Ligand SMILES: Cc1cc2nc3c(=O)[nH]c(=O)nc-3n(C[C@H](O)[C@H](O)[C@H](O)COP(=O)(O)O)c2cc1C
């Protein structure tokens, strides 16, 4: 069994993928991990739409690109490092939608009150990302395309009570990334009271 800490400490946002296919068995294992996440009152208010069709992926890619070029890039440009900006840029301009699989993660308001819907879906996304990493897949949590919720609704034929929350590309990495950069724990953890350093 893969060591949990090896997985969680190496999980990264991948935006470039090899075209190698991902089997249904692997997808099912990853989605099963997603469905083992906690949710308010165990309502499990998620829906996963697994997209392989090139035409559908291209349509999601167009929405992603439109969101990036129509404001996303300008919004992020001053805050991201040049390397990260370049990576997000190539992801938005086709890297993400070129993944052999896109999982559209949705929240279903018919299962869960709106106040806790998002908090009940994000843990499932994190499980999905970790399970993908444990399976040797690259993945990323992306939300750019969800700026066009109504277009996504039409493309994916979502009923009114289901909203798209994230687009997660899945595929074998074009190139394995190094470990993620994160702040030392001491910059974010406190003892007993806020401001008392760890
Ligand atoms: C709420 C949220 C939205 C995100 N949206 C996007 C997105 O639209 N496009 C993208 O390329 N990455 C997106 N990301 C991925 C982040 O850029 C990534 O998790 C972060 O930079 C850390 O990357 P690393 O794990 O490779 O270090 C999003 C992450 C989160 C948590």
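The values are calculated or read from the model by the stated rules, or taken from the named source; none is laboratory data. Because the structure is a prediction, the values reported are computed rather than measured. Positions of Cβ are backbone-derived with ideal geometry, glycine not excepted, and every protein chain shown enters the neighbour counts.
Say whether the condition of being touching a residue at least 60 places away in the same chain (Cβ under 8 Å), more than 16 Å from the chain's Cα centre (by Cα) and within 16 Å of the ligand (Cβ to nearest atom) is met by at least one residue in the range 27-37.
no
Across the range 148-178, what is the number of residues that are more than 18 Å from the chain's Cα centre (by Cα) and within 15 Å of the ligand (Cβ to nearest atom)?
2
Determine which single condition residue 14 fails, assuming it passes every other condition in (1) crowded, with 18+ Cβ neighbours inside 10 Å; (2) in contact with a helix residue (DSSP H, G or I) (Cβ under 7 Å, 6 or more places away or on another chain); (3) within 17 Å of residue 138 (Cβ to Cβ).
Only one criterion is unmet by residue 14, namely (2).
When you scan the range 45-57, do you find a residue that is in contact (Cβ under 8 Å) with a residue 24 or more places away in the chain and within 14 Å of the ligand (Cβ to nearest atom), even just one? I'd like the intermediate steps shown before the answer.
Looking only at the range 45-57, we keep the residues that are in contact (Cβ under 8 Å) with a residue 24 or more places away in the chain, and these are 45-52, 56-57.
Right, trim to within 14 Å of the ligand (Cβ to nearest atom) and you get none.
The answer is no, given that none of the residues of the range 45-57 is in contact (Cβ under 8 Å) with a residue 24 or more places away in the chain and within 14 Å of the ligand (Cβ to nearest atom).
Does the range 138-167 hold any residues that are surrounded by fewer than 19 Cβ atoms within 10 Å (Cβ to Cβ), touching a helix residue (DSSP H, G or I) at 6+ places or on another chain (Cβ under 7 Å) and farther than 25 Å from residue 30 by Cα, and which are they?
Once the filter is applied, which keeps residues that are surrounded by fewer than 19 Cβ atoms within 10 Å (Cβ to Cβ), touching a helix residue (DSSP H, G or I) at 6+ places or on another chain (Cβ under 7 Å) and farther than 25 Å from residue 30 by Cα, the range 138-167 yields 147, 151.
With the condition kept exactly as written, say whether any residue in the range 119-139 is within 12 Å of the ligand (Cβ to nearest atom), in contact with a strand residue (DSSP E or B) (Cβ under 9 Å, 6 or more places away or on another chain) and part of a strand (DSSP E or B).
Yes.
At pLDDT 95 or above and in contact with a helix residue (DSSP H, G or I) (Cβ under 8 Å, 6 or more places away or on another chain): is that true of residue 116 in this structure? Step through it out loud before you land on a result.
Values: at pLDDT 95 or above: yes; in contact with a helix residue (DSSP H, G or I) (Cβ under 8 Å, 6 or more places away or on another chain): yes.
When the stated conditions are applied, residue 116 passes them.
Does the range 155-198 hold any residues that are assigned to a strand (DSSP E or B) and more than 20 Å from residue 126 (Cα to Cα), and which are they? Break it down stepwise before answering.
Residues of the range 155-198 assigned to a strand (DSSP E or B): 162-171, 173, 190, 197.
The answer is 190, 197.
Here is a yes/no grid of residues against (1) surrounded by fewer than 15 Cβ atoms within 10 Å (Cβ to Cβ); (2) free of Cβ contacts under 8 Å to residues at least 40 places away in the same chain; (3) under 12 Å from the mean Cα position of the chain (by Cα):
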{"residue": "75", "(1), (2), (3)": "yes, yes, no"}
{"residue": "79", "(1), (2), (3)": "yes, yes, no"}
{"residue": "86", "(1), (2), (3)": "yes, yes, no"}
{"residue": "98", "(1), (2), (3)": "no, no, no"}
{"residue": "132", "(1), (2), (3)": "no, no, yes"}
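Suppose the filter is in contact (Cβ under 8 Å) with a residue 24 or more places away in the chain and within 15 Å of the ligand (Cβ to nearest atom); does residue 181 pass it?
Details: in contact (Cβ under 8 Å) with a residue 24 or more places away in the chain: no; within 15 Å of the ligand (Cβ to nearest atom): yes.
When the stated conditions are applied, residue 181 does not pass them.
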